[in-house]
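Asker: Before anything else, here's the structure in question.
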Amino acid sequence: MPGDGPREVLFVLQPDLVLLDLAGPADAFRNALQQQPGSYRLRFLAAQRELTAAGGLTLGALEPLPERVGARAILVLHGQAGDRVDPRRPGTREVIEWLRSPGVRPGTLMCVCAGAVLAAHAGLLDGRACTTHHAHLEELRQVAPGAQVLENRIFVADGAVYTSAGVTAGLDLALHIIGRQLGPRIAADIARELVVYLRRAGSDPALSPWVMHRNHLHKAVHRVQDAVAREPGGRWSSAALAAVACTSPRNLTRLFAEHAGCSPLDYVQLMRFALARQLITQTRLDLEQVALRAGFHSAQHLRRVWARWEAQPPSVLRSRSAAAWPQ
């Protein structure tokens, strides 16, 4: 990462932690580090040097809780197996006291499952929208009466505080945070490597365009898809795509239909749409600039494609092309 070094991802562990709460997000950030070397540094902290997870596995050589946590750090809190989080339990009590200390000010707080209840005991969710595992929703409301506890959510983002539902939702949340920090294409690559869907939040599509049509094992088709994803705005004719696959355009069309369920040019259009959507939400480029950068002939062409892939375009698509995006 330029200048400031890697972001530290601090996993704060407690006795009886659910291993999937830890392993899913940790593997996502590990894959991100492989995709973009120097992006993250993973550390595993606890109030004691050794503890036993739910299921009986002993985790050792854990780092002590540091006196200070900087603004670039991602602090990850996990819950415990059981019906409730016991704030008086050894190993949990110390973590709560540490979270309350003035030196612990992470840039991002990420709560997996009942980790939200742990954060609530430390007073970190007051006045915030949040969620947790469905079995802990009432507990969270009791511990944090000043929080807005939301049900039926994979995860909830409120500023720099992120909370997620049960166990595997921690992986969805990790991919979301990685996507925001390193870009959606890296998050999508990680999702494909881990063989999971890349879910999104709010009004976004349930499945990211970056991973659509990739649930197959054909190397030549993946090679073409990788090339298009790296440069959606490139000059992707049928011949150019076939050259990447080292086959004929006709055979590539057959391979895409059989393994990806779409045509090669449809896939190019989908990737250009995904890039345009990203540019619209993350830059101040006007619509003509977005269209050209994403590989479309014009803003009007982009509008037509948008109508195909998404029924409700944002209001900015209906505004005049030369208008800059609002901040």
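None of the figures in this text is laboratory data; all of them are computed from the coordinates on show. Values in this document were obtained by computation on a predicted structure and should not be read as measured data. Every residue, glycine as well, gets a Cβ built from its backbone with ideal geometry; the counts of neighbours run over all protein chains shown.
Asker: By count of other Cβ within 10 Å, fewest leading, how are 121, 78 ordered?
Answerer: Taking fewest neighbouring Cβ atoms as first place, the list is 121, 78.
Asker: Let me ask something additional. Starting with the fewest neighbours, write out 130, 246 ranked by other beta-carbon atoms found within 10 Å of each beta-carbon.
Answerer: 246, 130
Asker: Compute the distance in nm between two label points, each set 7 Å from the Cα along the Cα-to-Cβ direction, one at residue 262 and one at residue 63.
Answerer: 4.1
Asker: For residue 7, list long-range residues whose amide hydrogen, built 1.01 Å from N in the peptide plane, is under 5 Å from its own amide hydrogen.
Answerer: Close amide H contacts, sequence-distant or interchain: 40, 41.
Asker: Counting other beta carbons within 10 Å of each Cβ, put 124, 65, 33 in order, fewest first.
Answerer: If I rank by nearby Cβ atoms, fewest first, I get 33, 65, 124.
Asker: At 222 nm, what helix-only mean residue ellipticity would the chain give, in deg cm²/dmol to the nearest 500, using -39500 (n - 2.57) for each DSSP H run of four or more?
Answerer: Helix-only estimate at 222 nm: -12500 deg cm²/dmol.
Asker: Another question, if that's okay. Any idea which of 132, 53, 111 is furthest toward the positive side of the dipole for the stretch 1-152, if Lys and Arg beta-carbons carry +1 and Asp and Glu beta-carbons -1?
Answerer: Of the candidates, 111 comes out farthest on the positive side.
Asker: Considering amide H positions built from the backbone, and no H for Pro or chain starts, which residues 5 or more places from residue 111, or on another chain, come under 5 Å of its amide H?
Answerer: Placed amide hydrogens put 77, 162, 163, 164 under 5 Å from residue 111.
Asker: Oh, and also: log10 I(q)/I(0), Debye, Cα-only the chain, no solvent, q = 0.06, 0.08, 0.11 Å⁻¹?
Answerer: -0.26, -0.44, -0.78
Asker: Moving on to the next point. Using 0.36 nm per residue of separation minus the Cα-Cα distance, give me the extension gain between residue 54 and residue 251 in nm, one decimal.
Answerer: 65.8 nm
Asker: Oh, and also: Starting from the 7 Å offset along Cα-to-Cβ, what nm value, one decimal, do you get for the label separation of residue 135 and residue 94?
Answerer: Taking the simple label geometry, residue 135 and residue 94 are separated by 2.6 nm.
Asker: State the Cα centre-to-centre distance between the stretch 13-57 and the stretch 270-289 in whole Å.
Answerer: Result: 35 Å between the Cα centres.
Asker: What Rg and what Dmax come out for the stretch 7-193 when only alpha-carbon atoms are used, in angstroms?
Answerer: Cα-based Rg and Dmax for the stretch 7-193 come out at 15.1, 43 Å.
Asker: So who's got an amide H within less than 5 Å of the one on residue 212, skipping anything under 5 residues away but keeping other chains? H placed 1.01 Å off N, in plane.
Answerer: none
Asker: Residue 158 versus residue 238, label points 7 Å from Cα toward the beta carbon: distance in nm?
Answerer: 5.5
Asker: Under the 0.36 nm per residue contour assumption, what length would be gained going from the current alpha-carbon distance of residue 30 and residue 300 to full extension?
Answerer: Between residue 30 and residue 300, full extension yields 93.1 nm more.
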